[in-house]
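Below is one structure, written out as C-alpha cells, with a few remarks after it.
Throughout, read-outs are computed from the coordinates displayed, never taken from laboratory work. Since the structure is predicted, the reported quantities are computational estimates derived from the model, not experimental observations. For neighbour counting, all protein chains shown are included, and Cβ atoms are generated from backbone atoms with ideal geometry for every residue, glycine included.
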Amino acid sequence: MATPDFILSLREKIGHELLWLPGVTAVVVREPAGASAGREVLLVKRADTGEWTPVTGIVDPGEEPAVAAAREVLEEADVVAEPTSLARVGVTGRVTYPNGDVSQYLDLTFRFRYVSGEPHPADGENLEATWFDTEALPPMSDDMAARLAAGLTPETTPTGFSFP
C-alpha cells in the first residue's frame, strides 16, 4: 500500500513540514519443523531503498498498534502472524523523502508468531519477502538490526527507553 490517505490529507495542509507519526515493526518468527532447522525470521527487501528489513508500517488513526503490525505483515508479505509481545519502543531519526516530505516516527516493535502463508511481495512495496535463518541474516542498517534483535529476544519488557 502506498502512502495512507490520512497522511496525504495532512500533507495538503502542512506541505513538507515535519510530520510525527506512529509506526510499527513486525518481527515475525517461525520455528521450522525438523531437528536440524533453526529459528527463522521474515524479512522484506524494500522497493524504495533495496534494503532488507522486518515488515514496517504506519498505524492508521484509531488502529491498535499490534493490529496495524499484523495488517502490514498480511498486506506486504501475505503472511498471517499473531503478536506475542511488545519488544521495543524507539524513535527514528528524521526522514526526508525524495519529494521533500519530512517525517519522524515513534516505532513500536512487536514480536510475532508465524501462523500461515508463504511470503511474497504482495503489495508492491517490496521486491522480495522471505525467511532467513536468524544465524544468517543479510546486512541491514543499525536501526533495523536493533529492532530485529529486540524482536528476537524472548523478553517481554520493551527495550530502547529508560525511566527517570
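Per-peptide packing, taken as the mean over residues of other Cβ atoms within 10 Å, places 104-115, 126-137 in the sequence 104-115, 126-137 from highest down. For the chain, the relative contact order is 30 percent, taking Cα pairs closer than 8 Å that sit 6 or more residues apart in sequence and dividing their mean separation by the residue count. Counting neighbouring Cβ atoms within 10 Å and putting the fewest first, the residues Arg94, Arg39 line up as Arg94, Arg39.
Considering all different alpha carbon pairs of segment 1-116, the Kirkwood hydrodynamic radius works out to 15.3 Å.
Amide H contacts of Arg88 (H built 1.01 Å from N, in plane; Pro and chain starts excluded): Thr109, Thr159 sit under 5 Å, all sequence-distant by 5 or more or on other chains. Comparing Leu108, Ala47, Ile58 along the charge dipole axis of segment 16-151, the residue lying farthest to the positive side is Leu108, per the Cβ-charge model.
Dipole magnitude for segment 1-157: about 340 debye, using +1 per Lys or Arg Cβ and -1 per Asp or Glu Cβ, origin at the Cα centre. Which of Ala145, Ala33, Ala68 moves most in a GNM of the chain, Cα contacts under 10 Å? Residue with maximal mean-square fluctuation among Ala145, Ala33, Ala68: Ala33.
With r defined as the distance between the Cβ atoms of Arg113 and Leu137 and R0 fixed at 30 Å, what FRET efficiency is calculated, to the nearest 0.05? Efficiency, rounded to the nearest 0.05: 0.95.
Here segment 55-98 yields Rg over Rh of 1.00, to two decimals, using C-alpha coordinates and the Kirkwood radius.
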